Amino acid sequence: MRTGRVRPKGGGPFRSDESEEASGHMETTSRAVAQAPAAEGGPQSPSGRRTVDGYLRAPFPWYGLDEAFTGRRWLMQIGTAADGAVEHGSIGHGDEPSVRNEHVAGDEQDAKEKFAVVVTVAANPDRRSADGTGLLEATSVSSAAWLAGVGLLSFTWPGQMDHSLRDDWLEQQTETAWVLADDLDGEDWTTLSLPVDGVPTPFHYRESEFGWVLAGSTEQGVHLGAYGRGMSAYGLAFAVVKDVAAYA
């Protein structure tokens, strides 16, 4: 894997292969594992407790789909900087996605699997890490677009590809997601207006054979990314999560 890549002009996250200790880069969602909520009325699992504790440590508000969405919601995974500060995290809506390839991508599977994942990213400037060991990279809309793009890839690979080649494919596609996120004004993106806390807000939006990705900013000091398939992005609306612990 190559090293020493440049930072995005939009102030997005560091590349995943740069030194975490030196850069304080954000973790990707490529290995995020959806956390199923505890059974209603039943005890909360230790893993569920650890997951929600991470979300509760965040100094910024979490976003999800607004109350018009009445389906299932669940916590996925947070990302932290080198000093342990929570920088981003994801909340899933709808069906928990499975990896999609030609063996499961028939009409029946497509109809069954409908989900949207909302990624909240703290809007941070360049700053020193709390322990003084390095510089934490600024975040931007490009950060949210990249995390959303990589998140969608984590549940996808081409049907004709052997499992043993998926890591190479994922690395190549992660690079592509990075390039796309660094050029939000490019021809691969269109503009989509969606409500955020009831206010029409512009988003960068793109579709692919694997699903859709969008990214924008809020008035609450965070950037939003989202990805999904089986659910149309055009009818979505976002709102601050009132009680993130309820999703654990």
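The values are calculated or read from the model by the stated rules, or taken from the named source; none is laboratory data. Treat the numbers as computed from the prediction; the structure is a model and nothing was measured. Backbone-built Cβ (ideal geometry, glycine too); neighbour counts: all protein chains shown. Side chains included, ligands, DNA and RNA excluded: accessible areas come from the protein's heavy atoms. Shrake-Rupley method; radii C 1.70, N 1.55, O 1.52, S 1.80 Å.
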Residues of region 50-61 classified as open to solvent by 10 Å² or more (accessible area, probe 1.4 Å) and within 16 Å of the chain's Cα centre (by Cα), total: 4
Residue tally, condition part of a strand (DSSP E or B) and surrounded by 15 or more Cβ atoms within 10 Å (Cβ to Cβ), over region 179-199: 3
Which numbered condition Leu194 misses (of (1) aliphatic (A, V, I, L, M); (2) closer than 14 Å to Val141 by Cα; (3) in contact with a Leu (Cβ under 8 Å, 6 or more places away or on another chain)): (2)
Hits in region 161-178 - residues which are acidic (Asp, Glu) and not in a helix (DSSP H, G or I): Asp162
Failed item, numbered, when Glu96 is tested on (1) at pLDDT 85 or above; (2) open to solvent by less than 20 Å² (accessible area, probe 1.4 Å); (3) assigned to a loop (DSSP other than H, G, I, E, B): (2)
Failed item, numbered, when Val240 is tested on (1) open to solvent by 20 Å² or more (accessible area, probe 1.4 Å); (2) within 19 Å of Gly79 (Cβ to Cβ); (3) β-branched (Val, Ile, Thr): (2)
Count of region 200-231 residues which are open to solvent by 40 Å² or more (accessible area, probe 1.4 Å), part of a loop (DSSP other than H, G, I, E, B) and either under 17 Å from Gln173 (Cα atoms) or modelled with pLDDT of 95 or more (or both): 1
Selection from region 133-154 of residues that are open to solvent by less than 20 Å² (accessible area, probe 1.4 Å), in contact with a Ser or Thr (Cβ under 7 Å, 6 or more places away or on another chain) and at pLDDT 80 or above: Leu147, Val150, Gly151, Leu153, Ser154
